[in-house]
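Note sheet for the following structure.
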Amino acid sequence: MADPAITIEAIRAARAALGSHIVTTPTLDWQADELRERLGADTRVNLKLELFQRTGTFKPRGALTVMMALDEPQRAR
């Protein structure tokens with residue numbers, strides 16, 4: 001079960017551990033009249049374009065982080 005109190009330090013450490021295994025994907029500041037009408041003019045919507053991952057999804061980050069935390073016998077299994 002995931003720790004609900006994940007820190008920014010833990011996120012940075014996971015990113016460093018993933019290194020070149022993961023593509024750094026761009027973000028897009030999405031602006032549209034429909035968003036302003038529904039959510040208000042002060043609302044910002046940012047999209048993380050994970051479709052540029054090698055797999056086309058966000059899943060590799062979590063899966064690799066878990067696998068890299070395994071010890072050698074666990075990895076061998």
Quiz item: Of all residues in region 45-77, which are open to solvent by less than 70 Å² (accessible area, probe 1.4 Å), among the hydrophobic types (A, V, I, L, M, F, W, C) and touching a Pro at 6+ places or on another chain (Cβ under 8 Å)?
Solution: Leu49
Practice problem: Please find, within region 42-64, the residue that is nearest to the chain's Cα centre (by Cα) out of those that are closer than 14 Å to Val23 by Cα and β-branched (Val, Ile, Thr). | Solution: Thr57
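Filter region 19-41 down to residues that are closer than 23 Å to Met67 by Cα and open to solvent by 70 Å² or more (accessible area, probe 1.4 Å) and give me whichever is nearest to the chain's Cα centre (by Cα).
Thr24
The values are calculated or read from the model by the stated rules, or taken from the named source; none is laboratory data. The model shown is predicted, which means the values in this text are computed figures rather than measured ones. Every residue, glycine as well, gets a Cβ built from its backbone with ideal geometry; the counts of neighbours run over all protein chains shown. To get the accessible areas, we keep the full protein, side chains included, count just its heavy atoms, and leave off ligands, DNA and RNA. Shrake-Rupley method; radii C 1.70, N 1.55, O 1.52, S 1.80 Å.
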